[in-house]
Structures are given as structure tokens and as C-alpha cells.
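J.: Dropping the structure in here first, questions after.
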Amino acid sequence: MYGLDEVPGLEQHPLYWKGRDYRNRPNVGARRHGVGGGRSLLLSGHIDTVPHGTQPWTRDAFGGQIEGDRLYGRGSNDMKGGVGTNLFVVEAVERLGIKLHGDLVFETVVDEEFGGVNGTLAGRLRGFNADAAIISEPSFLRICPAQRGGRTAHITLRAAGGVLTDGKFPAGVVDQLTHFLACVKKFAEQRRGKATAHEMYAHHTDPVPVSITKVFTSPWGTREPITTPEICKIEMYWQAMPGEVQDEIERQFFGWFDAMIAGAPELFFTRPEVEFPIRWLPGSSILKSEPLVNELCGCATTVLGHEPPIVGIEGPCDMYVFHQAFGIPAVLWGARGGNTHGADEYLEIDSAVMAAKTLLTFVSRWCGAV
């Protein structure tokens, strides 16, 4: 176990994201040495979760309640189930007395949620590396060698206030919001027109979706006075394909944003504010022909009784750090679940068992059981 402040060179690394608090948030890393002459493997997972949130749960968010094949709780699917799978495999290798030629490395990292990835970066700089890595995100028993990129923007609309010289009141934030939302479709069309779908996302009708995830004008309920809102905050989220460049997408966004404002000058007396609260997360991928992908696919086929899909995961994650910053082949492999990041999040227990069996089989093959 080690604190991120103990990792030399972390804060100086170009991928380091400043302003995060790591008090009482350690990483854990361990290496089980092989006898030599084999390939090493890292089993990685993030230990942090999104907050409980204000959505109503029908079960205790931290109770670990089991109903049928489902284990409920915040982080059960994303990704305590994956961390548990990894830990089971390491423990099984030890208890069964399986000797491996290659090293088996286990880690849990903090700060994956909300685009931090400093924990993942710290693990690499600390030396918990291997010839390949499996990140046990909930991939729904699919092998995912690719991740989408993602960008979150917070946009603030402000009412002008006062009275115009012709005696008319200026447009309020509701009018601005209505115009803004009507124009979002145009940005989504531009993104689809510019982005080239990666082969692992070719089956998606919209490989680079644009979403409005939050709209806020004032607190809800009768305990709040009824007023005309003066401010509206919007959270906008768009995704990117592996190979797309941040600067090009943001030029595209601001070109659309400027045109949106210019299309209704009577609504915007001040320019809406834009900030990016979370780092840019790039898309990333490795080839399907990588030995890691092929050999994991073979093991999964044996356990599941059918070949698993090999596709890109639907959202961003920390896998790009392995691919792009350290050149380590990495894939996502994990169980199924639901309501991820929402109320009543759950893990499907049977799928976690199948994920663990596959992973144990793969460790014996990749690292070379003696």
C-alpha cells in the first residue's frame, strides 16, 4: 500500500492532473514472482466509486444486499466486482499452489472516476507493470481492447437583467436554453460527419454521441420560492473515437458554439461561459491481432462455450494510460451488471463467476503454469 505522494515523478509527469485530494486514498500493489522464463500479467482495477448521489435507492447503497443473481450496492458493478474477481484469481493461484513462469501483479488504484487517472499513472511509475494488463471493468463478458474518449463541458447561461431602451425586457435564460438545446442536434451531426468510426465501433449507429447530462436553474420543490431563473447551468458530454485529437474536436465545438450564439444575438447579451471540469480523456485501442486479445478470447471461449464479442467499450476509462503512455497492451474484461452510476446499481453474480474462471484459465496460460 502506498500514497500517491510517495511516488517519485508523479506530479512532474505530463499526464498528472492537479488539484486532487489523496488523503486516506492509497493505491495497493503486489507482485507474485514467477519462477522465470514466462510472460508477466497485471490485474488492475479502480477502487473508487462515484458518489451515492441524490437519486432514491430502494436498497441500502452500501449494504451489499443479494437478491437472486444480483448483488446491489454503490460500486458493485463499477467496479468492486472486477476488483473481487482479480483478488480471487490471485488467491486461487496461491491456495492451489500453482507455480507460474511469469510474474502475476495485482493492484487497486484510486481516482479513476471523474477522469482523474492519477492513481493509474502512479501505479505505472511505482513499477507495478507487466507484459500485458487486464482491467476488470464491467465489460459484460466482452473483450474490449478499445475505449471511447470523452469530454465534459459545463456551460453557464446568464439573464441580462434590466430593461432595454425600447421598453422591452431582454430574453431570459429559458429562451437561451431553448435555443441552445435546439442547436445541440447540429453539433451531434457535425461530430458524426467528421469522425471516422473505429472498427470496434462500426456496429454503433452513433459512434460519437453528444449528450446533455444535466440542466439546472434552481433547487426543486415547494420549499423553494417560485422565481424566474437568472442562471442556467448545463452539463454537456461528447465522446470521441480512438485516434481523434483533442484540439481538433474542441475547435469543432467552439465553432459550433460561436455559430449557436451568432444565430440568436437577441438572446445573448453576454457570452455564455464554458469550462471543462474534467480532463480530456482520449480514445484508445490495440489491435485485435494482439496475443493478449487472441489468447484471452480462446480462454473465454472454453469457459463460456462460445466466442465472446471483441468490441470497444462504450465509454472512456483509464486504459489509455497503459496504451499510450507506457506501451503496455491492455484490455477490459469483466462481468455484467446494471444501473452503473445510478440508483440500485447491481452486479450479476453468475457472470462474475464466469469472468473469474476465464481469468484464472488465462493467467495459467499467459504466465505459464509450471
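J.: Which shape class, rounded, prolate or oblate, goes with the stretch 209-360 when its Cα gyration tensor gives a ≥ b ≥ c as root eigenvalues, a/c under 1.5 marks rounded, and past that a/b bigger than b/c marks prolate?
T.: It is oblate, given that a/c is not under 1.5 and a/b is not larger than b/c.
J.: While we're here: Roughly speaking, what is the centre-to-centre gap between the stretch 59-134 and the stretch 229-284 when only Cα atoms are used, to the nearest Å?
T.: 35
J.: Of ASN86, ASN118, ASN339, which has the largest mean-square fluctuation in a 10 Å C-alpha GNM of the chain?
T.: ASN339
J.: Same structure, new question: Heavy atoms only, probe 1.4 Å: what % of the accessible area of the chain goes to carbon and sulfur, would you let me know? Mind dumping the intermediate values first?
T.: Details: 9570 of 17510 Å².
Result for the chain: 55 percent of the exposed heavy-atom area is carbon or sulfur.
J.: Once you keep just the Cα pairs under 8 angstrom separated by 6 or more residues, what percentage relative contact order results for the chain?
T.: 29
J.: Skip the ligands, DNA and RNA, and give the accessible area per residue of the chain with a 1.4 Å probe, whole Å².
T.: About 47 Å² of surface per residue is accessible.
J.: Lysines near LYS186 by alpha-carbon distance under 29 Å, same-chain residues fewer than 8 away left out - which ones?
T.: Straight-distance partners of LYS186: LYS194, LYS214, LYS233.
J.: Hey, got the dipole for the chain? About the Cα centre, +1 on K and R Cβ, -1 on D and E Cβ, debye to the nearest 20?
T.: Value, rounded to 20: 300 debye.
J.: Is the chain best put as rounded, prolate or oblate by its Cα gyration tensor, with a ≥ b ≥ c the root eigenvalues, rounded for a/c under 1.5, and otherwise prolate when a/b is larger than b/c, oblate when not?
T.: Cα axes put the chain in the prolate bin.
J.: With each run of n ≥ 4 DSSP H residues scored as -39500 (n - 2.57), what mean residue ellipticity at 222 nm is computed for the chain after dividing by its residue count and rounding to the nearest 500 deg cm²/dmol?
T.: Details: 6 runs with 95 residues, N = 370.
About -8500 deg cm²/dmol.
J.: If you don't mind, another one. Which one, TRP256, VAL89, GLY68, projects farthest toward the positive side of the charge dipole computed for the chain from Cβ point charges (K/R +1, D/E -1)?
T.: Value: VAL89.
J.: Taking a ≥ b ≥ c as the square roots of the Cα gyration tensor eigenvalues, with a/c under 1.5 meaning rounded and otherwise prolate when a/b beats b/c, else oblate, which class fits the stretch 1-108?
T.: It is oblate, given that a/c is not under 1.5 and a/b is not larger than b/c.
J.: Further, regarding this structure: Hey, in the GNM for the chain with a 10 angstrom Cα cutoff, which one of LEU141, LEU42, LEU15 fluctuates hardest?
T.: It is LEU15.
The values are calculated or read from the model by the stated rules, or taken from the named source; none is laboratory data. Nothing here was measured: the structure is a model prediction, and the numbers come from that model. Cβ sites come from the backbone with ideal geometry, for glycine too, and all protein chains shown count toward neighbours. The protein model used for the area step is the full one, side chains on, heavy atoms only, and it has no ligands, DNA or RNA in it. Shrake-Rupley method; radii C 1.70, N 1.55, O 1.52, S 1.80 Å.
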